[in-house]
Structures are given as structure tokens and as C-alpha cells.
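The values are calculated or read from the model by the stated rules, or taken from the named source; none is laboratory data. Since the structure is predicted, the reported quantities are computational estimates derived from the model, not experimental observations. Note that each Cβ is placed from the backbone with ideal geometry, even for glycine, and that neighbours are counted across all protein chains shown.
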Amino acid sequence: MLNKLDFLVRQSTRLVFITFKKKQIPCACKQFSFITSNMTGTKESPPKKPHLSKKIGTHNGKFHCDEALACFMLKLLDEYKDAEIIRTRDQAILDTCDIVVDVGGTYDPSKHRYDHHQRTFNESMNSLCPEKKWVTKLSSAGLVYFHFGVEIIAKQLNLPADDHITKVIFDKVYENFMEEIDAIDNGINQAEGELRYQITTNLSSRVNILNPGWNEKDVDVQLQFDKAMKLVGEEFMERITYYQNGWLPAREFVAEAVKNRFEVDSSGRIIYLKEGGVPWKDHLYTLEEEQNLSPLLVYVLFADQNNGWRVQCVSKKLGSFENRLSLPEEWRGLRDEELSEKSGIPGCIFVHASGFIGGNKTFEGVLEMARKSLD
């Protein structure tokens with residue numbers, strides 16, 4: 001009967017519920033979930049069972065960044081904070097675990113199984129939640145982040161799960177931290193064609209070298225796995241803290257600079273940041289897109305740490321070393337008086353050999369460097 005059901009509408013700390021095999025499971029798209037439970041009103045609740053420690057299952061042998069991070073994130077949740085981590089490939093033992101990551105050949109959130117190695121698996125943030133733009137195949141870390149990341153972020157920020165800041169930082173952490181781990185674990189190249197150099201100091205590489213060497217005997221692998229969890233966990237938490245306390249507040253400074261750009265120069269292509277060290281790049285691209293700016297910005301002026309001033313070129317796209325408009329070729333690699341004489345601008349300090357940044361002793365000088373570079 002309807003009056004024997006309690007329909008509780010609550011704000012979910014996991015934000016997300018999707019239908020998977022006719023069951024509702026957490027994900028990262030919706031803000032409310034519906035919980036139903038049988039309520040007779042007269043029948044006493046059954047006695048509580050003794051509390052048993054939760055068990056997180058993952059594979060043994062060589063460990064990787066993704067499952068180390070998946071396990072760390074799960075231990076941030078109240079439900080799994082005291083959980084024991086079981087490292088095995090024995091299916092019978094895995095079947096006794098409350099949640100399993102990166103092993104078992106199954107992705108079934110309703111059963112708390114989060115493996116990505118099976119041939120049928122090709123999920124991404126976008127495929128699981130179309131409002132998310134990322135199409136990189138998920139690893140176990142990405143799966144855990146998709147299903148539990150909002151709850152984790154909200155808890156660390158001490159904000160509601162449906163707060164706008166929680167959502168912004170959830171997305172930022174995925175794009176600038178988690179996606180790389182997903183891609184590397186799934187063997188997805190960063191770019192097409194032959195790479196010009198190797199990057200071997202990324203987080204996944206640093207986890208890899210914590211595995212026992214081929215000629216090391218009697219190594220405590222569990223201890224090394226714990227070190228890997230600590231390594232990835234510290235960087236994960238540092239990112240959350242930075243994006244909350246450093247990156248996000250910078251947006252208003254960049255937005256103000258964009259708004260006042262015509263006061264700096266009539267071209268509207270130069271902005272001045274009133275605070276040095278502001279992380280401006282991705283905020284600038286976002287604001288350009290949101291406001292449909294035209295013309296696009298090419299130079300950013302800001303104070304440096306030595307009481308001087310800098311002019312930095314805006315790249316053609318975020319992460320690129322190719323500039324929209326580099327500083328003049330004839331200035332590049334010059335310094336001090338030689339540069340001032342060549343440019344006709346007093347107080348010059350340097351222009352980088354690649355032409356992406358230059359310095360001057362005064363704001364007026366660095367502004368003139370930017371203006372002359374526009375010609």
C-alpha cells in the first residue's frame with residue numbers, strides 16, 4: 001500500500017544516480033535521488049548486526065596509479081574510511097569484498113564492481129553522463145571518481161554536493177588531473193604522430209617505479225602499494241586545495257582585466273592583471289568563449305616577483321607553445337641596454353629566445369613593448 005511506503009526525497013551527497021540494469025546507482029549528473037523503504041509503523045526494526053569492517057578489493061602483483069588512487073579516494077568516504085584493502089585475483093575472495101576496483105572483469109555499480117579491462121567496456125565521462133565533455137576511456141580511478149567524486153569533493157571543500165563550486169572543482173580535477181591517469185592506464189596517446197620527447201615524471205610513472213625491481217628480493221609489496229596510495233593521495237588532495245583556494249578565486253581578477261581591456265589599450269587586445277602570479281590562462285580562454293570576445297587577446301601584463309613587469313603572449317590554445325602573436329623576432333634573446341636600444345623602449349630587461357615573454361622595469365615600459373609588438 002502507498003501509505004506503507006516512505007518516499008524520502010533527499011539531497012544526495014553523491015549528486016548522481018543513473019539507471020543501470022533497472023537499479024538506481026550513483027553517478028555525476030542529477031541532484032536528487034528517491035529512496036523508498038517499507039514502513040509498517042508498528043513492526044519493530046530487526047536487531048542490528050555487529051559492525052564488520054568493509055573490504056575494498058583490487059588486484060595483487062604489479063600495481064598502477066589508477067587502482068592506488070581509486071583505493072585512496074574510497075578511503076576518503078565515511079563508508080570505506082576503515083576498510084581493509086584486499087589485493088588478490090582470487091575471484092572467490094573478491095566476491096567477499098564490499099567493493100572491487102580494477103579487477104574482476106565487471107563494471108556494475110549496483111554491485112560496487114568497477115573494472116575497466118573487459119573487452120565490452122568503453123565508458124567515458126561523456127558516455128555515462130552526456131553533459132560531461134570528456135571522451136577518454138575511464139580507468140578504475142575515473143570510474144570511482146565519476147560515481148563518488150562529487151561526494152569526495154564536497155566533503156573536502158565543506159560545501160553542499162549541489163553547490164556550484166563543488167561542480168566546478170569536480171570538473172576541473174577531472175580535466176587537469178584524473179583524465180591523464182585514465183588515458184595512461186588505457187594506453188591512449190596524448191597526441192597523434194611521433195612524440196618529440198618522453199615524459200617520465202608524471203604521476204603514473206612515479207607510481208610505477210615504486211613497484212619492486214626485477215632484481216629486488218623480499219620486498220614488502222603491500223608497503224610499496226601503501227606508499228603509492230600516499231603519493232597519489234597527496235597530489236589529489238593538493239589539487240583540490242589549490243583549485244579551491246588559488247585557481248577559482250583568480251577568475252574574478254581575470255574577468256575584471258578582460259572587462260577593462262580597452263582602458264589599457266584601444267586595441268582591446270592587451271589586458272593588465274592587478275595581481276602578479278594569478279593563474280590566468282584557462283580563465284581567459286573560458287571568458288573569451290563565454291563572452292564571444294573579438295578581437296581575441298594576445299598579451300597579458302603583470303608584475304613579477306622582483307618589482308619589475310612582464311608581458312606574456314597568449315597561446316593559440318591552452319597548453320600550446322604556439323602564440324597568437326609572439327614578441328618581435330629582432331628582440332628575442334636580447335637583454336638590458338641592447339634590448340632597449342633595439343626596441344627603442346627604455347628599461348627593458350629581456351625577451352625570451354622563443355618570444356613568448358618579456359620584461360621591463362616599469363609598467364609603462366612593458367605596456368609599450370606590448371603595443372609595439374601589435375604593429
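Considering (1) more than 18 Å from N307 (Cβ to Cβ); (2) more than 36 Å from the chain's Cα centre (by Cα), say which one F356 fails and leave the rest. Single failed check for F356: (2).
The single residue among L248, L297, L293 that is surrounded by fewer than 19 Cβ atoms within 10 Å (Cβ to Cβ), at pLDDT 95 or above and either touching a helix residue (DSSP H, G or I) at 6+ places or on another chain (Cβ under 9 Å) or farther than 26 Å from K167 by Cβ (or both) turns out to be L248. Any residue in the range 140-154 that is farther than 23 Å from D185 by Cβ and either surrounded by fewer than 16 Cβ atoms within 10 Å (Cβ to Cβ) or in contact (Cβ under 8 Å) with a residue 24 or more places away in the chain (or both)? The answer is yes; a qualifying residue exists.
Quick grid of which residues meet (1) in the same structural domain as W280 (by TED's automatic domain parsing); (2) at negative phi; (3) at pLDDT 95 or above:
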residue	(1), (2), (3)
F321	yes, yes, no
L325	yes, yes, yes
E330	yes, yes, yes
E337	yes, yes, yes
K342	yes, yes, yes
P346	yes, yes, yes
G355	yes, no, yes
E368	yes, yes, yes
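Mind checking which residues of the range 329-352 are small (G, A, S) and farther than 16 Å from E368 by Cα? Passing the criteria: only G333. Counting the residues of the range 264-318 that are on the phi < 0 side of the Ramachandran plot and assigned to a loop (DSSP other than H, G, I, E, B) gives 25.
Picking from residues in the range 334-353 that are touching a Gly at 6+ places or on another chain (Cβ under 9 Å) and assigned to a loop (DSSP other than H, G, I, E, B), the one that is nearest to K281 (Cα to Cα) is H352.
Considering each residue of the range 355-362 in turn, at least one proves to be among the aromatic types (F, W, Y), over 16 Å from R261 (Cα atoms) and either touching an Asp or Glu at 6+ places or on another chain (Cβ under 8 Å) or assigned to a loop (DSSP other than H, G, I, E, B) (or both). Of the listed requirements (1) among the hydrophobic types (A, V, I, L, M, F, W, C); (2) in contact with a helix residue (DSSP H, G or I) (Cβ under 9 Å, 6 or more places away or on another chain); (3) without any contact (Cβ under 8 Å) to a residue 12 or more places away in the chain, W214 misses just one: (2). Taking the criterion of being of a type in the set (S, T, N, Q) and in a helix (DSSP H, G or I), the only residue of the range 82-96 that qualifies is Q91.
Kindly indicate whether D265 is closer than 29 Å to I56 by Cα and charged (D, E, K, R). Here the answer is no, as D265 does not meet what is asked. Helices (runs of 4 or more DSSP H) fully within the range 169-257 that include at least 3 residues being among the aliphatic types (A, V, I, L, M) and within 14 Å of the chain's Cα centre (by Cα): 221-242.
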